[in-house]
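Right, one structure below, let's go through it.
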Amino acid sequence: MEKINYSYDRSFTIERDLHRNDATGTRVCVAIDDLLKRRVVLKIQKYQSQEEKRRILEEINNQIALEQYTEYIPSIYSYHIENKISSIVIEMQNIEGKTLRDRLNDSHGVNENEEKWYKDQYELLMNIVKAVSYIHSLKGFVHKDLKPENIVINRRNEVYVLDYGISGPGMTNKGVGTEKYMAPEQIRGANTNFVIQSSDVFALAQIGLELFNITPLRYGVDLIPDQTGGKWEEKKDISRVGLDYYPELGKLLEKALSLKPADRYMNAKELYEALKMVYRAHNRGKVNGKYRSENRR
């Protein structure tokens, strides 16, 4: 097995790579800390300048700051600057579980018309939004790249949000996210990246659609803004996303997918509270396991 040794007298046995980009000098792998005998995620980031070095350290500090708000992000155990090779080595908690992308691939086509499937998917969406709501508890903090690949669900169905490489306070130029999940203000203003927490809400709504096997809406195809840029001139109909099980879910996600950030839920906490209200209404609307007629369309 591959061994990596560092100047601070620590060595690691690499088990497998999770991500590797030789062009940027970034490597993320699962490894065994040979001294402490624990499995960790090792993230190695090269820097080409003092500004890049400062940015990486800022991102580390942002993630450490988030740890006081939630346990559902990977803890950073330690980090070290390897000046001789212009790299920063970050030791992080290894989360045993599957990414949401893997979960979606595994469950596709399985009992999609059954009530239990809808309930499971809805509860998973609530758990994801709740996890992000803790992140939004840090004032002004925006993840900026929420997507199924950055969400891990462990064996207890607990949700962890990963990858804070471009995260941080809003309204700063810290890179762009993944276009499929990016809010319109991110797509249109990628050079300045003017984003706030409601930009993450847009991404969460796109993830919500995928949970119910609806392809995320494409800006300029499924979502076409009007000339004022204030609302959608054309928008794909998603009103039936929850069918009769959660008939209000479509309206909720439509609000989260509003063109103007101010028309969405302001943060993940507001979105979570809205989801919870629909969930409770769903449970109240059942008598002896059947839905009341007024809840059907």
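The values are calculated or read from the model by the stated rules, or taken from the named source; none is laboratory data. No experiment lies behind these values; they were computed from the predicted model shown. Note that we place each Cβ from the backbone using ideal geometry, even for glycine, and neighbour counts take in every protein chain shown. Areas reflect the complete protein model, heavy atoms only, side chains present, ligands, DNA and RNA absent. Shrake-Rupley method; radii C 1.70, N 1.55, O 1.52, S 1.80 Å.
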Inset, instruction - Look through the stretch 252-278, keep the residues that are in a helix (DSSP H, G or I) and touching an Asp or Glu at 6+ places or on another chain (Cβ under 8 Å), and return whichever of them is surrounded by the most Cβ atoms within 10 Å (Cβ to Cβ). - result: Ala268
Legend entry - Members of the stretch 113-131 that are open to solvent by less than 10 Å² (accessible area, probe 1.4 Å) and either among the aromatic types (Phe, Trp, Tyr) or within 14 Å of Glu71 (Cβ to Cβ) (or both): Tyr122, Ala131
Legend entry - Residue among Gln45, Gln63 that alone is touching a helix residue (DSSP H, G or I) at 6+ places or on another chain (Cβ under 9 Å), open to solvent by less than 30 Å² (accessible area, probe 1.4 Å) and either in a loop (DSSP other than H, G, I, E, B) or polar (S, T, N, Q) (or both): Gln45
Legend entry - Answer residue from the stretch 1-42, given it is among the hydrophobic types (A, V, I, L, M, F, W, C) and touching a Ser or Thr at 6+ places or on another chain (Cβ under 8 Å) and is surrounded by the most Cβ atoms within 10 Å (Cβ to Cβ) among those: Ala31
Legend entry - Arg218 being in contact with a helix residue (DSSP H, G or I) (Cβ under 8 Å, 6 or more places away or on another chain), of a type in the set (D, E, K, R) and surrounded by fewer than 14 Cβ atoms within 10 Å (Cβ to Cβ): yes
Inset, instruction - Quick one: which residue in Arg54, Arg20, Arg27 is more than 21 Å from Leu146 (Cβ to Cβ), within 21 Å of the chain's Cα centre (by Cα) and free of Cβ contacts under 8 Å to residues at least 12 places away in the same chain? - result: Arg20
Legend entry - Pairs where the first residue, in the stretch 35-51, is within 16 Å of Ser11 (Cβ to Cβ) and the second is aromatic (Phe, Trp, Tyr) and open to solvent by 40 Å² or more (accessible area, probe 1.4 Å), C-beta under 8 Å, 6+ apart: Val40/Tyr77
Inset, instruction - Report yes if Arg101 is assigned to a helix (DSSP H, G or I), among the charged types (D, E, K, R), more than 12 Å from the chain's Cα centre (by Cα) and within 30 Å of Ile32 (Cβ to Cβ), otherwise no. - result: no
Inset, instruction - Would you check which residues across the stretch 142-168 are touching a Leu at 6+ places or on another chain (Cβ under 8 Å) and modelled with pLDDT under 90 and list them? - result: Asn157, Tyr164
Legend entry - Hits in the stretch 224-247 - residues which are surrounded by fewer than 18 Cβ atoms within 10 Å (Cβ to Cβ), free of Cβ contacts under 8 Å to residues at least 60 places away in the same chain and within 15 Å of Gln121 (Cβ to Cβ): Arg240, Asp244
Inset, instruction - Output the residue which, of all residues in the stretch 68-111 that are surrounded by 13 or more Cβ atoms within 10 Å (Cβ to Cβ) and within 23 Å of Tyr245 (Cβ to Cβ), is modelled with the lowest pLDDT. - result: Ser107
Legend entry - Qualifying residue in the stretch 125-140 (condition: assigned to a loop (DSSP other than H, G, I, E, B) and either β-branched (Val, Ile, Thr) or closer than 18 Å to Val28 by Cβ (or both)): no
